[in-house]
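The values are calculated or read from the model by the stated rules, or taken from the named source; none is laboratory data. Nothing here was measured: the structure is a model prediction, and the numbers come from that model. Neighbour counts run over all protein chains shown; Cβ positions are idealised from the backbone, glycine included.
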Amino acid sequence: MKLFEHEAKTILAKYAIPVPHGALATSSNQARKIALRLKAPYAVKAQVLVAGRGKVGGIQFTNTFEETENTAKKILSMEIKGLKVNNVLIEEKIKAKKELYFGITTDRSCRCYVAIASTAGGVDIEEVASKTPEKIIKTFIDPTLGFRGYHAREMASKMGYLGKPMLGLAAIFEKLYKVAMEYDAELIEMNPIVETVDGEFVATDARIIIDDNALYRHPQYNERLISEEKTELTLQEIRARKAGLVYVELDGNVGIMGNGAGLMMATLDAVQLYGGKPANFLDVGGGASEKQIVAALDILLTDQKASVVFINILGGITRCDDVARGILAARTKIGFIKPIVIRLVGTNEEEGHRILTEAGIHVLNSMEEAAKKAVEISRSG
Amino acid sequence: MGVIVGKDTRAVVQGITGTQGNFHTRLMLDYGTKIVAGVTPGKKGTEIHGVQVYDTVKEAVQRHDANASIIFVPAPFAAEAALEAIEADIKTVVLITEHIPIRDSIQIMTQARQEGVTIIGPNTPGVITPGECKLGIMPAHIFKHGVVGIASRSGTLTYEIAAELTKCGLGQSTCFGLGGDPIVGLSFVDALEMFGKDKQTKAVVLIGEIGGSAEEQAAEYIATMEYSKLVMAFVAGRTAPPGKRMGHAGAIVMGKAGTAESKIEAFKAAGVGVAEKPSDIGELLAGRV
């Protein structure tokens with residue numbers, strides 16, 4: 001789960017990591033009131049969960065209360081990459097001498113956390129890593145030892161700092177590691193953390209992504225998940241989440257469901273290979289019940305984008321007869337309001353085929369053949 | 001022969017009294033796997049399909065000389081189950097459980113590495129050496145004893161390809177799922193090393209997907225080690241949009257990292273045959289092993 005910048009900064013502040021003075025505003029009037037309490041100049045920052053808001057005017061700097069109010073009004077009426085801006089963060093603008101980067105994420109190859117620092121902060125760190133890898137400092141973290149003070153000091157020192165500033169920066173790195181562990185962050189970064197003209201360090205932007213699988217340890221975010229449903233998910237996505245299905249919205253017109261993430265991905269690839277465009281990714285998982293099949297089909301049949309529905313099931317734990325009964329139940333409940341192509345093989349295959357054939361529904365055995373047919377229908381419609 | 005599991009595997013089922021644990025214990029017993037004991041804290045003295053249940057892994061190991069474990073414990077308790085197995089001197093642990101927090105997985109892998117324990121998963125269908133041992137949840141009937149080793153990041157896609165190979169008359173030495181999570185116990189390089197040493201295995205099929213760089217590392221290993229066995233690959237997720245998790249926690253393209261194109265290119269550059277569709281693997285291998 002991605003946290004908003006203001007949520008991330010509130011957490012950082014709790015751990016005594018310096019962040020700019022500021023507050024969240026939901027209206028321009030409120031923005032003005034916040035500015036009254038702060039020292040000019042100000043930063044007005046759109047709170048959205050996508051990167052690159054600065055490039056489209058989502059971050060602006062102002063000098064007066066009036067200007068702050070007007071700018072907040074403008075940003076609050078914006079849509080950034082399809083997301084409505086509901087809140088703006090009003091902060092004191094920090095005079096930066098230098099912009100740095102520090103973050104912690106996981107490394108798949110060494111199966112551990114890795115701390116990453118750079119003197120080239122404030123820009124996309126992946127760009128820095130690919131164009132100027134010499135500017136990236138990495139420390140792989142031994143989980144039994146953790147990220148210790150001496151690790152942090154080594155990194156700050158490699159960034160060229162000495163004496164008090166080196167110690168101050170290292171102390172912030174150590175604190176950020178603590179946040180990462182206590183919040184189960186799969187990514188946490190300060191980009192940038194700036195060195196001010198007074199020789200202090202302040203995290204002027206912060207990003208935290210919490211490991212979804214660890215959310216049960218952080219019940220304070222339950223409400224966020226519910227509000228996310230209201231604001232950020234499409235109707236199909238909400239229905240899938242409620243039915244316990246894994247669903248990703250895409251922009252084509254072939255509605256697809258299958259069992260297993262890998263098989264689903266391969267199915268999307270096959271559809272594209274034959275010239276079609278997938279409307280979605282929908283994994284019913286292992287051992288899907290008749291009820292789940294109905295829920296999945298309901299989502300696909302009522303998706304306006306999809307002109308054909310392609311079902312690709314390879315039964316392992318999932319039983320073909322259960323799937324067949326689910327398909328029939330969906331026909332009764334919703335009706336086959338668009339063409340359906342079915343590939344059904346695996347556990348209890350004969351029984352599954354018999355159920356469908358007797359109901360007058362044609363079933364295919366090969367995934368490729370079925371993909372081809374689904375694409376043909378999608379292109380003729 | 002084959003790798004990881006075989007005739008000598010004597011397994012404990014952790015979480016044997018749960019729905020999944022109970023159900024798959026029966027299927028594994030039916031296949032001929034030596035399930036020697038079960039573990040569910042608080043259920044000592046009960047019996048599941050004739051298998052004795054204990055409170056601790058240590059006791060199960062002491063009484064039944066077990067050397068492997070398969071874990072069906074829910075995610076919040078899975079890390080502890082895995083650590084218990086490692087401390088009880090189990091050498092092969094299959095972690096079926098999905099949705100284990102990354103921080104827990106990192107702890108498991110660190111401990112396993114220190115103790116020399118092989119972890120399959122988490123979020124894996126398990127491992128099967130056809131005709132000898134099945135320690136997992138895969139449908140057994142699609143596998144056949146033979147010479148092709150399969151390592152995969154996906155469950156159903158493994159079934160798809162294994163069934164195709166079996167249909168073409170190509171049996172398998174061992175098939176296993178690395179697991180769909182970002183942090184897993186074994187890599188494709190580990191798989192290549194194991195299959196490289198296995199006399200029964202003549203060819204290796206790697207089934208990859210978007211996310212991470214396990215495929216690129218495998219390609220580099222094949223090229224630099226001048227790998228002696230035939231390797232074929234399939235990579236799922238060519239059409240996956242960046243930034244979206246495609247079902248598996250580990251299947252995500254971040255920026256430019258982890259794309260299918262990069263993996264396919266790396267394999268091709270290392271001389272590995274890459275199948276465009278799952279069904280092509282059988283044709284690519286037929287007549288060559």
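The table that follows gives values for the structure above.
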quantity: Residues that are crowded, with 21+ Cβ neighbours inside 10 Å and either small (Gly, Ala, Ser) or out of contact with any Asp or Glu (no Cβ under 7 Å at 6 or more places or on another chain) (or both), drawn from segment A:209-244; calculated: A:ASN213, A:ALA214, A:ALA240
quantity: Residue under evaluation B:VAL289, criteria (1) within 12 Å of another protein chain (Cβ to nearest Cβ); (2) part of a loop (DSSP other than H, G, I, E, B); (3) of a type in the set (A, V, I, L, M, F, W, C), criterion not met; calculated: (1)
quantity: Pairs where the first residue, in segment A:263-277, is at positive phi and more than 7 Å from chain B (Cβ to nearest Cβ) and the second is in a helix (DSSP H, G or I) and at pLDDT 95 or above, C-beta under 7 Å, 6+ apart; calculated: A:GLY275/A:VAL375
quantity: First in segment A:173-186 and touching a residue at least 12 places away in the same chain (Cβ under 8 Å) and more than 17 Å from A:ASP107 (Cβ to Cβ), second anywhere and part of a loop (DSSP other than H, G, I, E, B) and small (Gly, Ala, Ser), Cβ under 9 Å, 6 or more apart; calculated: A:LYS175/A:ALA16
quantity: Test: residue in segment A:206-220 that is over 21 Å from the mean Cα position of the chain (by Cα) and either within 15 Å of A:ALA13 (Cα to Cα) or within 14 Å of another protein chain (Cβ to nearest Cβ) (or both); calculated: no
quantity: Meets criteria (more than 14 Å from chain B (Cβ to nearest Cβ), in contact (Cβ under 8 Å) with a residue 24 or more places away in the chain, in contact with a His (Cβ under 8 Å, 6 or more places away or on another chain) and surrounded by 18 or more Cβ atoms within 10 Å (Cβ to Cβ)) for A:LEU169; calculated: no
quantity: Matching option when the condition is more than 8 Å from chain A (Cβ to nearest Cβ) and touching an Asp or Glu at 6+ places or on another chain (Cβ under 6 Å), among B:ALA162, B:ALA233, B:ALA266, B:ALA191; calculated: B:ALA266
quantity: Qualifying residues in segment A:296-305 (those that are touching a residue at least 12 places away in the same chain (Cβ under 8 Å) and surrounded by fewer than 20 Cβ atoms within 10 Å (Cβ to Cβ)) - the one nearest to the other protein chains (Cβ to nearest Cβ); calculated: A:LYS305
quantity: Selection count where residues are free of Cβ contacts under 8 Å to residues at least 40 places away in the same chain and within 20 Å of A:ALA8 (Cα to Cα), scope segment A:61-92; calculated: 2
quantity: Single residue of segment A:238-282 satisfying the filter (among the acidic types (Asp, Glu) and at pLDDT below 95) that is nearest to B:HIS248 (Cα to Cα); calculated: A:GLU249
quantity: Any hit, segment B:28-38, residues being under 18 Å from the mean Cα position of the chain (by Cα) and assigned to a helix (DSSP H, G or I); calculated: yes
quantity: Every residue from segment A:72-130 that is more than 26 Å from B:GLU216 (Cα to Cα), among the charged types (D, E, K, R) and within 14 Å of chain B (Cβ to nearest Cβ); calculated: A:LYS81
quantity: Count of segment A:194-208 residues which are buried (at least 17 other Cβ atoms within 10 Å of the Cβ) and touching a helix residue (DSSP H, G or I) at 6+ places or on another chain (Cβ under 7 Å); calculated: 6
quantity: Residue list for segment A:75-87, restricted to those being at pLDDT 90 or above and either under 17 Å from A:LYS39 (Cβ atoms) or crowded, with 16+ Cβ neighbours inside 10 Å (or both); calculated: A:ILE75, A:LEU76, A:MET78, A:ILE80, A:VAL85, A:ASN87
